[in-house]
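Report on one structure; see the data block that follows.
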Ligand SMILES: [Zn+2]
């Protein structure tokens, strides 16, 4: 109820109290606005939560604006509340999306359904949808690694002057706890630090824009650290080798970029922790073993990825052709 009261207060303060009169069957008289869960009970898991996070894949946000509900591809998505479709189709990042505007006890609320298979298969912009109406199917379109529904709740406006709110308490306060309907849920933990890698040779700048000073030029596959949520738009605030600055998110990835496969030409080649014969031995590789090149060191060593480990081997014992 606390959240609901806040919505009402905000609505009045913002001078949109007239929205109360527009309520179209969302709310009972004076009662909490009822919602329904967007996916069938026990058909989904809570996989990624609202708030700061490490970006799961290149291009993903570092502040998660929604709740991810992992589910089988094709699972039917229902509108959590009645309202008007304001967007149905493609959108950057989401791939395919449906956005529904509802009037909830004195304010506008927007539910955003991201990564669906086909945004305008069942609904069209401008059409009214009922609470619980089938509006789309779970997909993995856009920036996504596996089928899931990405649910956002916006207040006042969708983008612009609007703001997002955590869908978990919002849904719970509207009588449809997502936690109660989930088959499973990951633990909600925010890591203290994220590890990323450069995807190419890229500039580390003093601010979030190409007009800012270049602090350092960083080579490909160099390790960066970042605080979850540290960024501005498409820019990420990262630290490289003690220098903190900004990089465009297109060049920052949670995984390494392979620069090609190389083959070991001798038996018992040592994988070492540093580019030197005094480096700790991490593994021993035999002739013909394939390794992924990460980067070349200037002194005759190359950093590689093999057997789940990163380490250095002498360049002269690798070949681009399989022996
Ligand atoms: Zn998401």
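The values are calculated or read from the model by the stated rules, or taken from the named source; none is laboratory data. Keep in mind that this is a model prediction, so the values were computed, not measured. Backbone-built Cβ (ideal geometry, glycine too); neighbour counts: all protein chains shown.
Just to be sure I understand, how many residues within region 91-110 are away from the ligand (no atom under 14 Å from the Cβ) and either in contact with a strand residue (DSSP E or B) (Cβ under 9 Å, 6 or more places away or on another chain) or part of a strand (DSSP E or B) (or both)?
11
Name the residue, out of 49, 44, that is surrounded by fewer than 24 Cβ atoms within 10 Å (Cβ to Cβ) and within 16 Å of the ligand (Cβ to nearest atom).
One residue alone meets the criteria, 49.
Which number in (1) touching a helix residue (DSSP H, G or I) at 6+ places or on another chain (Cβ under 6 Å); (2) more than 27 Å from residue 218 (Cβ to Cβ) marks the one condition that residue 302 misses?
For residue 302, the failing item is (2).
Just to be sure, is residue 109 under 18 Å from residue 160 (Cβ atoms), in contact (Cβ under 8 Å) with a residue 60 or more places away in the chain and crowded, with 24+ Cβ neighbours inside 10 Å?
Judged against the criteria, residue 109 is a match.
For region 167-250, which strands (runs of 3 or more DSSP E) that fit wholly inside it have 1 or more residues that are more than 22 Å from residue 64 (Cα to Cα)?
Ranges flagged: 202-205, 214-218, 223-226, 235-240, 243-248.
Which of the residues that make up region 115-135 are on the phi > 0 side of the Ramachandran plot and over 13 Å from the mean Cα position of the chain (by Cα)?
126, 132
Give me the residue from region 53-90 that is within 13 Å of the ligand (Cβ to nearest atom) and at pLDDT 95 or above and, out of that set, surrounded by the most Cβ atoms within 10 Å (Cβ to Cβ).
Looking at the filtered set, the residue picked out is 69.
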